[in-house]
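The values are calculated or read from the model by the stated rules, or taken from the named source; none is laboratory data. A quick note: this is a predicted structure, and the numbers were derived from the prediction, not measured. Here Cβ is always computed from backbone atoms with ideal geometry, including for glycine, and neighbour counts include all displayed protein chains. Heads up: the accessible areas ignore ligands, DNA and RNA and are worked out on the full protein's heavy atoms, side chains in. Shrake-Rupley method; radii C 1.70, N 1.55, O 1.52, S 1.80 Å.
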Amino acid sequence: MSTVKLEFDLGEEQDLSSMYGKLDSTLKAVEEALGIEASMRGSKVFLQGEKGPVGKAEKFIRELYSINSEGYALSPEDIRFALKSMEEAIQGNASSSEGAVDQKHAGSLRDYFLSTIPVPSKKKFIVPRSDTQKKYIEAMRKYDMVIGIGPAGTGKTYLAMAMAISSLLQKQVSRIILARPAVEAGERLGFLPGDLYEKVNPYLRPLYDALFDMMEAEKAYRLIEKGIIEIAPLAFMRGRTLNDSFIILDEAQNTTSEQMKMYLTRLGFNSKTVITGDITQIDLPPGKVSGLKEAESILKGIEDLVFVYFSERDVVRHKLVQHIIKAYDKFEKSRSVNP
């Protein structure tokens with residue numbers, strides 16, 4: 001057993017709680033991830049447990065203190081996923097011939113958070129919470145077209161929105177366009193009250209939710225009024241060439257073949273697009289082929305675009321969501337074997 005006391009140089013009226021926020025929750029996440037005991041008193045943190053895990057916890061908490069002092073605001077959930085990801089990276093490197101070289105880099109909290117997306121929100125940085133999310137962020141930085149496929153709750157749309165807002169604020173693009181097929185409305189669209197925008201607005205609500213989670217509503221509405229941020233049904237994309245834009249197509253599994261081809265050919269100069277969808281949740285009428293499924297087979301092998309596949313392991317909603325997705329996957333497989 002090993003015991004370590006960490007003491008931090010804080011101001012006269014500061015303690016670690018004010019420095020970290022909810023440090024109790026953070027220390028609990030460290031305890032759960034590394035199997036040690038952690039507590040704090042004033043400006044001191046006490047760690048107790050096996051020598052190896054305690055050493056990792058000490059390094060982690062010192063780096064967390066340093067990063068927090070630079071203005072990073074990290075939630076206990078961010079800490080939990082960072083610890084999990086770093087442990088998996090270390091284990092993976094240890095099994096490789098180059099493990100001795102890479103382990104130090106893989107175990108660095110600072111290196112891990114280099115993959116964050118800066119956005120103006122309550123969360124100063126959007127943090128990848130799985131290895132696939134990290135690959136997704138790296139793909140969006142590198143490629144002009146990224147297609148993210150996987151179940152609900154894996155962060156496909158949320159991370160794409162974060163990257164779009166970050167790109168806009170860094171003046172990498174001059175506008176954001178968010179599109180979604182209003183397939184649920186179908187032929188009933190004409191019977192709904194209001195003008196066309198009011199008819200389709202309920203189907204675009206998830207995009208507004210993601211936007212407002214990263215930007216104050218007043219600022220977001222100003223940008224929408226100026227046309228700098230546009231949220232529209234997919235049909236509004238027809239006939240347009242979208243230059244200097246970051247374009248997101250959400251719920252792409254509900255596009256038809258014709259709609260997907262139309263959308264893919266809208267991309268203009270200095271533009272990026274991210275296409276997201278879940279091919280297990282297709283709401284198209286019977287007999288209609290999903291444009292996303294078709295594009296998956298047609299576009300593979302083309303350079304400068306990449307597919308990123310998410311699974312239930314990447315779900316970052318309530319832990320029950322992972323179990324629900326697994327249960328439905330098992331049910332669907334058994335039904336296909338025994339129809």
task: Starting from region 121-138, keep only residues that are within 15 Å of Arg317 (Cβ to Cβ) and open to solvent by 30 Å² or more (accessible area, probe 1.4 Å), then list their pairs with residues that are of a type in the set (Val, Ile, Thr) and modelled with pLDDT under 80 whose Cβ atoms are within a distance under 7 Å, requiring at least 6 positions of separation or different chains.
output: Arg129/Val316
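Every residue, every condition in (1) modelled with pLDDT under 75; (2) surrounded by 13 or more Cβ atoms within 10 Å (Cβ to Cβ); (3) in contact with a strand residue (DSSP E or B) (Cβ under 8 Å, 6 or more places away or on another chain); (4) not in a helix (DSSP H, G or I), yes or no:
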| site | (1), (2), (3), (4) |
| --- | --- |
| Glu31 | no, yes, yes, no |
| Val45 | no, yes, yes, yes |
| Pro53 | no, yes, no, no |
| Arg62 | no, yes, yes, no |
message: For region 309-331, check the following and say yes or no: at least one residue is surrounded by 13 or more Cβ atoms within 10 Å (Cβ to Cβ), at pLDDT 95 or above and of a type in the set (Ser, Thr, Tyr).
response: yes
Qualifying positions in region 29-46 - among the charged types (D, E, K, R), in contact (Cβ under 8 Å) with a residue 12 or more places away in the chain and over 19 Å from Met1 (Cα atoms): Lys44
message: Given the criterion surrounded by fewer than 16 Cβ atoms within 10 Å (Cβ to Cβ), closer than 20 Å to Val119 by Cα and at pLDDT below 90, identify the matching residue among Ala235, Ala217.
response: Ala217
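Here are Gly153, Gly186: which of them is within 24 Å of Lys261 (Cβ to Cβ) and at pLDDT below 90? Spell out the reasoning first.
Working: Gly153 fails: within 24 Å of Lys261 (Cβ to Cβ).
Answer to the selection: Gly186.
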message: Looking at region 210-224, I want the residues that are charged (D, E, K, R) and have a partner that is in a loop (DSSP other than H, G, I, E, B) with Cβ atoms under 7 Å, at least 6 apart or on another chain. Which pairs are those?
response: Asp213/Ser121
message: When you scan region 94-108, do you find a residue that is of a type in the set (Asp, Glu), surrounded by fewer than 15 Cβ atoms within 10 Å (Cβ to Cβ), modelled with pLDDT under 70 and assigned to a loop (DSSP other than H, G, I, E, B), even just one?
response: yes
message: Any residue at all in region 11-23 that's modelled with pLDDT of 65 or more and either polar (S, T, N, Q) or open to solvent by 50 Å² or more (accessible area, probe 1.4 Å) (or both)?
response: no
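May I ask you to verify whether Ser85 is part of a helix (DSSP H, G or I), modelled with pLDDT of 75 or more and touching a helix residue (DSSP H, G or I) at 6+ places or on another chain (Cβ under 9 Å)? Quick ask: steps written out before the conclusion?
Working: part of a helix (DSSP H, G or I): yes; modelled with pLDDT of 75 or more: no; touching a helix residue (DSSP H, G or I) at 6+ places or on another chain (Cβ under 9 Å): yes.
No, not satisfied.
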- request: Give region 113-137 a look and list any residue that's at pLDDT 70 or above and more than 15 Å from Tyr158 (Cα to Cα), or say none.
  value: Asp131
